[in-house]
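The values are calculated or read from the model by the stated rules, or taken from the named source; none is laboratory data. Predicted model, so just to flag it, every value in this text is computed and none were measured. Because the Cβ atoms are built from the backbone with ideal geometry, glycine has one as well, and the counts that use them run over all protein chains shown. Keep in mind that these areas ignore ligands, DNA and RNA; they rest on the heavy atoms of the full protein, side chains included. Shrake-Rupley method; radii C 1.70, N 1.55, O 1.52, S 1.80 Å.
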Amino acid sequence: MTGHAMGRTQAAATLAAALLVALPASAQVDLGTEEQRAAGKVVYDKYCGQCHGDTGDGNGYATPRVRPKPRDFTTGKYKFRTTPNGMLPTDDDLRRIIEIGAPYTSMPGWPNLTSAEIQNVIYYIKSFSPDFENPDRYAEPIEIPRPLESTEESIARGRVLYEEQACGACHGEVGRGDGASAPTLVNDKGDPIRAADLTQRWTYRGGPTKEDIYRTFSTGLNGTPMPSYADSLEVEDRQHLVNYVYSLGDGDDPNYGTLITAVYSDEPIDLQDGESLDALFESAPMTRFPLVGQITEPGRNFFPPVTSIEAQAVYNRDEIAFRVRWHDLRADTSGRNNPSLEVPMWDEDNGIGGDESDDGGDSDDFFGDFGGEEAPAEDDFFGDSGDDFFGDGGDDFFGTADAGAGGAEFSDAVALQFPASLAPAESPELKPYFLYGDAQNPVDLWFVNLTYGVADTFRGRGSDAIEPTEADIVEAVTSYDQGAWTVTYKRRRSSRAGVSFAEEQYTPVAFSVWDGFNRERGNKRALSSWFYVYTEPSVEQAVAGPVLRAALIVLAIELLVVFLVRRRARQQAAGEGTSGASLTATEAPAV
Amino acid sequence: MWGLNLPVVLALAAIGGVLAWRRANTLVWLLYTLGALWAFFRFGFAVPIPQSVATIYLGITGLALVCYASSSRERLAETVQPIKRLILEPRYRLALAGLLVALPALAAYNVYADLTVPLEAPGFGREVHPPPPTEMTVHDETIDMATAENPYLHYKHDDPELYAKHLENGRRVYYENCFWCHGDGMGGDGMFAHGLNPVPSNFNDVGTLPILQSSFVQWRIAKGAPGLPASGTPWDSAMPAWEKFLTNEEMWDVNLFIYDFNGYEPRALGQH
């Protein structure tokens, strides 16, 4: 089959070469030599085929378990190009993605490949689509002007354009990827697709620079709902829009941290008084932690949409409060969720757009017969292929979602996890298993199902042993504002059954986030490794004192040495009846 | 050459040469020895040696130098001579005053820097390749860790076609399960790697697969983090116990595949 395809492309290449003389300069059909494509195939088969499919159709081993799905090279549609909307990418465009990858997707960069290897792979990839033989599909790259300075006027103008062009319909009013139509977005293959969170520039698939953003505006992302604005906006307006989008960003880098520093306050912590609560947290540093899919225990989550969470903490004499914040394209506040909800094996590969009717009403039946039905369920799922699956399930699902606000079956949720007890002094490295603890070392979960907005406490002794506990009362308040969930917890610092937060103590903490829209529940969640919260001393450590003391001690020693040496010299001088000056003369050094 | 940063080593040697030529005083030599050693440890190696090791070496050297300087009355006198002159001679008064101010300032700065380092989460060491058990049972099959080899490895020579089938199955297993952490190219840099601590194993590394027996790799695959001894910090590792998801054959196949992909052979029995 491959041989046949090669023959065809080769014939086309010859034809294209023959036509080349008559073509305009912009059309540059370069399909490489047969040897180059054969060399490219070797590299492709080793490094690319497992996701993009051995035949280039985007259907590799990994495909069911990654979102966004790997590119289908047979379509000739490429998202990241310097060429106008609908046109083929240049070789340099393809090279760029191969070299640096697309952040926060399953496409990595390939720094291990040589320039020649990459060129050969490009020739081979192009052979998957007949479009590359068609000179009409080629166009000159657009010109990317130097970015305008981000002046206030430019950003303000960009903001007007953002509203005029209704960018917020998908990307959300302040850019958190939470626009009204965000949950309905699909690409032209019917696969669900997410609008970029413009505030997290490091996750931009096409790159984080102003030039990258300008390129995306001007070329659109082929095959996705992201259009090109080349026809509707002048060059300068696009530049202003770039500056506005850039201004929405929360830095170039996520600056992931490893520690929450809980700051002390004399003020009472009142969860019901939003203003004083915000003022309290104003003084507490915010740390961002990376979240990844839970893929260790059954109920695996291969493509969590939430990739980070921010956290901060304050404490007073009796209480400690944590505040966490993350972005979610929609508040799902009508479904169910808890840390121990069972996730059937087939659902691991099932993201948004899933066939809801299958486990909506009769989910209990399904769980009950789980053992017996596992095999047929899996067969159905894969057997019917993507088309049917997304055609029916997807439409139904999105219809439901539009009809009622937050129509998902599972609600959004979040949990803080702490060890049930601190490590013994003789082995401070000891922690409970970071996945819901283990039999010997349990964890406590401060779980908030955002349908109810109250904190429930669970004790985890492993993924299959999570039970509600009421030893401590944890309070919580929640809010969803323009794509951002904020949850604030409060508990007494001393605990009867769990960990107490003493001053100057490092306490392990881990996070879990569930996106109901992505059908996350139970062990299908985004989670973090263990990090720490440090309760900063309530009395600010004075720096001036120790610094001054160190300086004075050293000065005193110096003066003492000088004094002793001089006295000795004077005594010697007196004894020998000579002066200090002649002493130096007689003992003049060799240097 | 030998992992040395040659320009630095040559520069230090050159300074020593100048001192010898100028017949430097013993004190200058002592200071030079300590300073040069510090610079050698800090900048002389392509991969810097750990601060703690350098501190130990410098401490020992410092002691030796004090012994040397005080080994005879004449040498001691010669060593302290420049210090005496600095303190006693009127023409060095300005330099002495400068030193009296500079040393306390340096001490103060040190204390200040110590007190204001940004807080970091405590870190603990862990054993990367902890000792495996003597035998393990996976799906009712018990293997002897010391002698077990990949049952499909011999097909490489005996039946290349069958070998290729096992490899392809291993490839499927890897890209259905492993690459999120260990990476598409097996560099330990998958899309979830940045969120994990300890970071996933890098199979490209010559210090990983080639030094391990395939039975060790099989142990890590089958039993994952929960099967680690405490020295391997099982509570932090995200490595799943793949026996929960995969058959014995699938695990041996992926074991075979990661060696083949990187062009490595498992360490043979009895090979050290």
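When the dipole is taken about the Cα centre of segment B:103-192, and only Lys, Arg (+1) and Asp, Glu (-1) are charged at their Cβ, what size is it in debye, to the nearest 20?
Around 380 debye, computed over segment B:103-192.
Provide B:Arg126, A:Arg521, A:Arg176, B:Arg42 ordered by accessible surface of protein heavy atoms (probe 1.4 Å), highest first.
In descending accessible area the options line up as B:Arg42, B:Arg126, A:Arg176, A:Arg521.
Report ³J(HN,Hα) in whole Hz for each residue of segment B:194-208, in order, from the Karplus equation J = 6.51 cos²θ - 1.76 cosθ + 1.60 where θ = phi - 60°; Gly and Pro get x.
Result, rounded to whole Hz: 5, x, 10, 9, x, 6, x, 4, 9, 7, 6, 5, 5, x, 10.
For segment B:178-249, what does the equivalent ellipsoid look like in terms of its semi-axes, each the square root of 5 times an eigenvalue of the Cα gyration tensor, given largest first in whole Å?
17, 15, 14
Just the number: Rg to Rh for segment A:419-564, Cα atoms, Kirkwood Rh, two decimals.
1.21
From the P(r) of segment B:6-59, could you give the percentage of C-alpha pairs in the tail past 13 Å?
60 percent
How would you order B:201-212, B:81-92 from highest to lowest mean count of nearby Cβ atoms within 10 Å?
Packing proxy ranking, top to bottom: B:201-212, B:81-92.
Leaving out ligands, DNA and RNA but keeping every protein chain, what accessible area does A:Arg491 have, in Å² rounded to the nearest 10, with a 1.4 Å probe?
Accessible surface of A:Arg491 is approximately 10 Å².
Quick one: Debye curve from the C-alpha atoms of segment A:61-192, no solvent, what's log10 I(q)/I(0) at q = 0.13 Å⁻¹?
Debye intensities relative to I(0), on a log10 scale: -0.79.
At a probe radius of 1.4 Å, what is the per-residue accessible area of B:His166, in Å² to the nearest 10?
The accessible area of B:His166 comes to roughly 20 Å².
When 1/r is averaged over all different Cα pairs and the result inverted, which Kirkwood radius in Å belongs to segment A:230-297?
By the Kirkwood definition, the hydrodynamic radius is 16.6 Å.
DSSP H helices in chain B with Cα extent of 15 Å or more along the helix axis and mean Kyte-Doolittle hydropathy at least -1.0?
B:6-21, B:26-43, B:51-69, B:73-88, B:93-115, B:248-262
Taking Cα atoms of chain B, Rg/Rh with Kirkwood Rh, to two decimals?
1.21
Mind checking which lysines have their C-alpha under 16 Å from A:Lys77, skipping anything on the same chain fewer than 8 residues away?
Those lysines meeting the cut-off are A:Lys69, A:Lys126, A:Lys189.
Give me the tail of P(r) for segment A:278-324 as a percent: Cα-Cα pairs with distance above 16 Å.
Of all Cα-Cα distances in segment A:278-324, 54 percent exceed 16 Å.
Dividing the alpha-carbon Rg of segment B:74-191 by 2.2 N^0.38 Å yields what?
My calculation over the Cα atoms of segment B:74-191 gives 2.47.
Would you list which lysines come within 18 Å of B:Lys244, measuring only between C-alpha atoms, while excluding same-chain residues fewer than 8 positions from it?
A:Lys524, B:Lys223
I'd like to know which of A:Ala551, B:Ile83, B:Phe245 lies farthest towards the positive end of the charge dipole of the protein assembly as shown, counting +1 on Cβ of Lys and Arg and -1 on Cβ of Asp and Glu.
Of the listed residues, the answer is B:Ile83.
Got a number for the accessible area of A:Glu503? Probe 1.4 Å, square angstrom, nearest 10.
Spelled out: A:Glu503, probe radius 1.4 Å, area about 80 Å².
Given B:Leu256, B:Ala107, A:Ser228, which one lies farthest toward the positive end of the charge dipole of the protein assembly as shown, if we put +1 on the Cβ of every Lys and Arg and -1 on the Cβ of every Asp and Glu?
Working it through, the farthest residue towards the positive pole turns out to be B:Ala107.
What percentages make up the Cα-Cα pair-distance distribution of segment A:440-485 when the bins are 10 Å wide from 0?
Percent of Cα pairs in each bin: 26, 44, 23, 8, 0.
So what is the diffusion coefficient of the protein assembly as shown in µm² per second by Stokes-Einstein at 25 °C and 0.890 mPa s, using a Kirkwood Rh over Cα pairs?
77 µm²/s
If the only charges are +1 at each Lys and Arg Cβ and -1 at each Asp and Glu Cβ, what is the size of the charge dipole of chain B around the Cα centre, to the nearest 20 debye?
Result for chain B is approximately 2640 debye, rounded to the nearest 20.
Per residue, what accessible area does segment B:12-171 have, given a 1.4 Å probe and all protein chains present, in Å²?
Computed with neighbouring chains in place, this is 67 Å² per residue.
Hey, any idea what the orientation-averaged projected area of the convex hull of segment A:53-137's Cα atoms comes to, in nm²?
Over every viewing direction, the Cα hull of segment A:53-137 projects on average to 5.7 nm².
May I ask for the Rg/Rh ratio of segment B:49-138, computed from Cα atoms with Rh as the Kirkwood radius, given to two decimals?
1.28
Considering the dipole of the protein assembly as shown built from charges on the beta carbon (Lys and Arg +1, Asp and Glu -1) around the Cα centre, which of B:Leu119, A:Gly49, A:Pro268 is farthest to its positive end?
B:Leu119
Amide H neighbours of A:Val509 under 5 Å, at least 5 residues apart or on other chains, H built in the peptide plane: list them.
Placed amide hydrogens put A:Phe531, A:Tyr532, A:Val533 under 5 Å from A:Val509.
Select from segment A:159-235 those GluC sites (Glu not before Pro) which occupy a DSSP coil region and have at most 12 other Cβ atoms within 10 Å, ordered by residue number.
Hits after loop and neighbour filter: A:Glu234.
Where does each of A:Asp270, B:Asp189 land when they are ordered by accessible area, with a 1.4 Å probe and the largest first?
Correct descending sequence by accessible area is B:Asp189, A:Asp270.
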